[in-house]
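Colleague: Please read through the structure below; I'll follow up with questions.
Nothing in this text is a laboratory measurement; each read-out follows from the coordinates by a stated rule. Since we're looking at a predicted model, the values are computed, not measured. Cβ sites come from the backbone with ideal geometry, for glycine too, and all protein chains shown count toward neighbours.
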Amino acid sequence: MDSAVSDPHNGSAEAGTPANGTTRPPSTPEGIALAYGSLLLMALLPIFFGALRSVRCARGKSSSDMPETITSRDAARFPIIASCTLLGLYLFFKIFSQEYINLLLSMYFFVLGILALSHTISPFMNKFFPANFPNRQYQLLFTQGSGENKEEIINYEFDTKDLVCLGLSSVVGVWYLLRKHWIANNLFGLAFSLNGVELLHLNNVSTGCILLGGLFIYDIFWVFGTNVMVTVAKSFEAPIKLVFPQDLLEKGLEADNFAMLGLGDIVIPGIFIALLLRFDISLKKNTHTYFYTSFAAYIFGLGLTIFIMHIFKHAQPALLYLVPACIGFPVLVALAKGEVAEMFSYESSAVILPHTPRLTHFPTVSGSPASLADSMQQKLAGPRRRRPQNPSAM
C-alpha cells in the first residue's frame with residue numbers, strides 16, 4: 001500500500017526540482033486546490049460505485065462468481081506480509097536496475113489493467129449496444145491431465161460484447177504502455193480500485209477493524225519511520241496510485257508536477273465501507289445510515305490528510321486519519337441507535353454470501369494495489385460462469 005498524498009508543492013515527498021536540474025516554479029494555490037479536489041473526487045468514485053456493485057456481486061447465484069472473502073486470520077497476517085513485500089520491493093529497486101524492473105512491471109500491469117478496465121466498463125457499455133447486436137458466446141478452456149484426473153485450469157466464458165470492451169480497454173493499455181500518461185494511469189488505477197472494493201469482501205466488522213487497525217500501524221511506521229514507502233511509491237512506475245498535476249492550469253495535459261494518492265488508501269477503507277452497506281441492507285430498514293456515515297467519514301479523513309500535509313509539507317500516511325474516522329463514526333452512530341451488538345454480530349458471508357469461498361491465501365504483493373491486481377487476476381481469469389448483466393443495479 002502506498003503513502004497517501006505527495007508533498008503539496010514539490011510533487012513528491014523529497015525532491016523539489018525536475019530531473020534536469022532546473023528550478024521548478026511553485027504550484028499556484030488554484031493548481032493545488034484543483035489537484036487535491038480532483039484526487040478526492042477520484043477516490044470517492046470507486047468506493048461509492050464499488051460498494052454498490054459489491055452488493056450485486058454478493059447476491060450472485062453461481063458460487064464461482066462469488067467474491068473473495070477476507071477472514072480475521074487473513075486480516076491479521078495482511079500487514080506482516082505487506083511489510084515484507086514492501087521491504088522486498090525497496091531492496092529490489094536498490095540492488096537492480098530500476099529501468100528493467102519497471103519494464104517487467106509495465107507489461108504485468110498492462111495485462112491486468114486491460115482486464116480490470118474491461119470488467120469495470122462492461123455494465124456501462126451494455127447500455128449502448130443495440131438490441132439487434134450480434135452477440136455470440138465463447139469459451140476459453142484450459143485443462144490439465146486426462147480422464148478422471150482432468151482438472152480445469154481456466155474456464156472463462158465471454159461474448160462479443162466482452163470482446164468490444166476488451167478492445168477499448170486495450171487502446172488505453174497501449175496508450176499507458178507507450179506514453180505512461182497520467183490519464184491512462186488514472187483509468188487503470190480507478191479500475192483496480194473499483195474492482196477491489198467490489199470483489200474483496202470482509203466477512204464481518206471485527207475483521208474490518210483488525211485489518212484497518214493493523215494497516216493503521218503499518219502505514220504510520222513505513223511513512224514516518226522510514227523512507228521505504230515513499231521511495232517505492234516514487235520508483236514504482238505502475239498504476240498503483242492516482243495522480244493529478246498541480247500545474248495543469250499552466251501546462252495543460254503535459255503537466256508533470258503531480259500530487260498522488262495510493263490505491264491502498266482507497267481500497268482498504270473502501271471494502272470496509274462496502275461491508276457497512278451490506279450491513280445496512282441486512283437490517284431491512286430501507287436506509288443506508290452506516291454506509292453514508294462511513295462515506296462521509298472517509299471524506300473527512302482524506303480532507304484532514306490533505307490539510308495536515310499542506311501545513312507540514314510532508315507526505316502523510318492517509319490511514320492515520322482514515323482508520324479512526326471510518327471506524328469511529330459508524331460505531332458512534334451504532335451506539336446512538338443501540339445497534340452495536342447487531343453491527344459486530346453481523347456476518348456478511350451468512351446473510352448475503354451464503355456460499356462465499358474463503359480467501360485461503362494472500363497475493364504475493366500484499367497491501368498494495370499490486371496485491372489487488374493478483375487477486376483480480378484470479379477473479380477475472382479464473383474459472384467462472386457468466387452472470388446476467390444488470391445495468392439498472394448501478
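Colleague: Report the calculated FRET efficiency for I154 and A33 (r = Cβ-Cβ distance, R0 = 41 Å), to the nearest 0.05.
Modeller: 0.30
Colleague: Checking the table K127/K285; K94/K180; K161/K234 against a 27 Å threshold on Cα-Cα, which pairs fail?
Modeller: Table pairs above 27 Å Cα-Cα are K127/K285; K161/K234.
Colleague: A follow-up question, please. Mind jotting down a quarter of the surface of the convex hull over the alpha carbons of the range 68-115, in square nanometres, one decimal?
Modeller: 4.4 nm²
Colleague: How big, on average over all directions, is the shadow cast by the Cα convex hull of the range 130-183, in nm²?
Modeller: If you wrap the Cα atoms of the range 130-183 in a convex hull and average its projections, you get 6.4 nm².
Colleague: Then there is this: Please state the equivalent ellipsoid semi-axes for the range 291-345: what are the square roots of 5 times the Cα gyration tensor eigenvalues, largest first, in whole Å?
Modeller: Here the semi-axes work out to 28, 9, 7 Å.
Colleague: Another question, if that's okay. What FRET efficiency would be calculated for the residue pair L45, L168, taking the C-beta separation as r and a Förster radius of 22 Å, to the nearest 0.05?
Modeller: My answer for the efficiency is 0.70.
Colleague: Can you tell me how much longer the chain between V340 and F300 gets when fully stretched, taken as 0.36 nm per residue apart minus their C-alpha distance, in nm with one decimal?
Modeller: Roughly 12.2 nm would be gained on extension.
Colleague: Additional query: Got a sec? Which residues in the range 183-204 would a label at E237 touch, if it sits 7 Å along Cα→Cβ and we count backbone N under 16 Å?
Modeller: Taking a point 7 Å out along Cα→Cβ of E237, the residues of the range 183-204 whose backbone N falls under 16 Å are 183-186.
Colleague: Show me, bin by bin at 5 Å from 0, the whole-percent P(r) of the range 183-225 based on Cα pairs.
Modeller: In order of increasing distance, the bins hold 5, 18, 14, 17, 21, 18, 6, 0 percent.
Colleague: Next up: So between K180 and N102, what do we pick up on full extension, going 0.36 nm a residue minus the alpha carbon distance?
Modeller: The K180-N102 span can extend by a further 26.9 nm.
Colleague: Rounded to whole Hz and in sequence order, give me ³J(HN,Hα) for the range 157-172 from the Karplus expression 6.51 cos²θ - 1.76 cosθ + 1.60, θ = phi - 60°, writing x for Gly and Pro.
Modeller: Computed from phi, the couplings for the range 157-172 are 9, 8, 9, 5, 4, 4, 5, 5, 4, 5, x, 5, 5, 5, 4, 5 Hz.
Colleague: Rounded, prolate or oblate: which fits the range 217-277, taking a ≥ b ≥ c as square roots of the Cα gyration tensor eigenvalues, rounded meaning a/c under 1.5, else prolate when a/b beats b/c?
Modeller: Taking the square roots of the gyration eigenvalues as a ≥ b ≥ c, the range 217-277 is oblate.
Colleague: For a Förster distance of 41 Å, can you work out the FRET efficiency between the beta-carbons of S206 and I311, rounded to the nearest 0.05?
Modeller: 0.75
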